[in-house]
Amino acid sequence: MSEVKIVAETRSEFGKGAARRIRRDNKVPGVLYGRGSDPIHLTLPGHELLLALRTSNVLIALDIDGKTNELAIPKSVQRDPIKGHLEHVDLQLVKRGERVNVEIYVHTEGELAPGGYLLEHVLNALPVEAEATHIPESVTVSIEGLAAGDSVLAKDITLPKGTTLAVDDDTVVLQILAAQAEESEGEAAEGDEAAEA
């Protein structure tokens, strides 16, 4: 798991106007919360934060006003729906050795059995509990030879050492569906004639 150092500043201005001014300076407003302490309102450098967030569940080492050093993980990221730039970020305080609940992406490898089957990701991300400084980025699941009616349950996925499931063992993560057969044009035309009669 990667750790990224970011220099942040506390902020005392709030509201839409203040947030717009922060974004005009290529910075991002954010809130750091957790461990029963009062939330800390921050201004973070936009480019460095954007690069850090390319890694899912990145561990961020915050240098706040040059006085405080804290570890945090992103919990909520708001982006502009059109331009895609960062609008706001919520960060959760963590400490080394602490276990946290996060979601990790599920990647698949292999080929389904022949027959035109469809793979449905019931869960795109798997809820797990891991040590804050050792959060895996993703898990890979083999779908080799699976056919319609087969499914992959949470308990079937091999997790990295030190990581445990944060969902029921029997939760369906992936399932294989039969492809819908398209009506031939002749059958469709006959059906339309019968409907008109």
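The values are calculated or read from the model by the stated rules, or taken from the named source; none is laboratory data. Note that the structure is predicted; figures quoted are calculated from it, not measured. Here Cβ is always computed from backbone atoms with ideal geometry, including for glycine, and neighbour counts include all displayed protein chains. Areas reflect the complete protein model, heavy atoms only, side chains present, ligands, DNA and RNA absent. Shrake-Rupley method; radii C 1.70, N 1.55, O 1.52, S 1.80 Å.
Numbers for the structure displayed
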| item | result |
| --- | --- |
| Test: residue in segment 125-140 that is open to solvent by less than 30 Å² (accessible area, probe 1.4 Å), under 17 Å from the mean Cα position of the chain (by Cα), closer than 30 Å to F14 by Cα and not small (G, A, S) | no |
| Residues (more than 20 Å from the chain's Cα centre (by Cα) and small (G, A, S)) located in segment 63-96 | G66 |
| Qualifying residues in segment 16-38 (those that are closer than 24 Å to L93 by Cβ and of a type in the set (G, A, S)) - the one surrounded by the fewest Cβ atoms within 10 Å (Cβ to Cβ) | G36 |
| Residue within segment 97-110 that is over 18 Å from the mean Cα position of the chain (by Cα) and on the phi < 0 side of the Ramachandran plot present | yes |
| Residue count, segment 88-102 (criterion: open to solvent by less than 50 Å² (accessible area, probe 1.4 Å) and in a strand (DSSP E or B)) | 9 |
| Within segment 53-80, considering residues that are among the charged types (D, E, K, R) and either over 21 Å from N101 (Cβ atoms) or touching a His at 6+ places or on another chain (Cβ under 8 Å) (or both), the one surrounded by the fewest Cβ atoms within 10 Å (Cβ to Cβ) | K67 |
| Where a residue in segment 155-172 is within 15 Å of V122 (Cβ to Cβ) and open to solvent by 80 Å² or more (accessible area, probe 1.4 Å) and its partner, wherever it lies, is in a loop (DSSP other than H, G, I, E, B) and of a type in the set (V, I, T), with Cβ under 9 Å and at least six apart | K155/T171 |
| Scan of segment 1-15 for residues that are open to solvent by 90 Å² or more (accessible area, probe 1.4 Å) and at pLDDT 80 or above, ordered by number | K5, V7 |
| Unique residue being under 30 Å from S151 (Cα atoms) and out of contact with any Pro (no Cβ under 6 Å at 6 or more places or on another chain) when the list is G110, G84, G97, G66 | G110 |
| Counted residues, segment 39-52 - those being open to solvent by 80 Å² or more (accessible area, probe 1.4 Å) and either more than 23 Å from V100 (Cβ to Cβ) or free of Cβ contacts under 8 Å to residues at least 24 places away in the same chain (or both) | 1 |
